[in-house]
Amino acid sequence: MKMALSRVTLLRASLQQQQQFSMVMPALRQKHTLPDLPYGYSALEPIISGEIMEIHHKKHHNTYVTNLNVAEEKLQEALTKKSASDVVAQQSAIKFNGGGHVNHSIFWTNLAPKKEGGGVAPSGPLADAINAQFGSLQNFITMFSAQTVAVQGSGWGWLGYNKALKRLEITALPNQDPLVTTGSPFFLSSPLTPLGRSSQSPSSLPFWSLSGFFLCGI
């Protein structure tokens, strides 16, 4: 009974703190917006068609942005009403749509037209780390592709840096879960959707022909 009461007390205290914070949030919070692509929709052709890029950006990504704003507004309302159940109810929507917004925003910058360096192999510290961890760039591509295409349904494949182990790691996460939930900074991301999949062998996913991950470093 004491444990149950202590949990209720903690929850109320937490809500009170969030309520105090929310009093200033409406004036400070700005709505999330769909970021512009750093290239035109047709710039990645013939690897990825302009139509697919436009649909994925204007429709899919924009839907996550819209729903994230709605979820955050509902969260603010719940905090104002001090409704714990409503606060909890918005957590999954914020995680899913917020993850979709974050993941796609990162992904667009991982691609580049060939004339702007897309598909160029990494160099410097990142190339050294890939060779040390995976043996070669081709081995990494094969392992990354095999591990991520094995995910059933939708999700994301990531190349991240494990700070605790001080090494690069390939991670596949379901749905729109962002890599930040694992505590690892990203170097490379790929959506496990029709945009990132191929009927060809895993190592020949169209993504690799446009990858801009050479821009990242450790």
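The values are calculated or read from the model by the stated rules, or taken from the named source; none is laboratory data. Remember, it's a predicted structure, so these values are computed and weren't measured experimentally. Heads up, the Cβs are rebuilt from the backbone with ideal geometry, glycines too, and the neighbour counts pull from every protein chain shown. With ligands, DNA and RNA removed, areas are computed over all heavy atoms of the protein, side chains included. Shrake-Rupley method; radii C 1.70, N 1.55, O 1.52, S 1.80 Å.
Brief remarks on what is shown
Condition check ((1) at pLDDT 95 or above; (2) among the polar types (S, T, N, Q); (3) within 14 Å of the chain's Cα centre (by Cα)) across all residues:
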| position | (1), (2), (3) |
| --- | --- |
| Ile55 | no, no, no |
| Val65 | yes, no, yes |
| Asn69 | yes, yes, no |
| Lys81 | no, no, no |
| Asp86 | no, no, no |
| Gly100 | no, no, yes |
| Asn103 | no, yes, yes |
| Ile106 | no, no, yes |
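- Cβ-Cβ contacts under 7 Å between residues 6 or more apart (or on different chains), taken from a first residue in region 130-148 that is among the small types (Gly, Ala, Ser) to a second residue that is not in a helix (DSSP H, G or I), are listed as Ser145/Leu205.
- Any chance Arg167 is modelled with pLDDT under 75 and charged (D, E, K, R): no
- Scanning region 67-78 for residues that are among the polar types (S, T, N, Q) and over 14 Å from Gln176 (Cβ atoms), we see that the one that is least open to solvent (accessible area, probe 1.4 Å) is Asn69.
- Screening region 39-53 for residues that are open to solvent by less than 70 Å² (accessible area, probe 1.4 Å) and assigned to a helix (DSSP H, G or I) and picking the one that is modelled with the lowest pLDDT gives Leu44.
- Residues being in contact (Cβ under 8 Å) with a residue 40 or more places away in the chain and either of a type in the set (A, V, I, L, M, F, W, C) or part of a helix (DSSP H, G or I) (or both) - total across region 106-126: 13
- Complete set of residues in region 98-132 that are under 26 Å from His60 (Cα atoms) and open to solvent by 20 Å² or more (accessible area, probe 1.4 Å): His101, Val102, Ser105, Ile106, Thr109, Lys114, Glu116, Gly119
- Filtered residues of region 138-162 (kept if open to solvent by less than 10 Å² (accessible area, probe 1.4 Å) and outside any helix (DSSP H, G or I)): Gly155, Trp156, Gly157, Trp158, Leu159, Gly160
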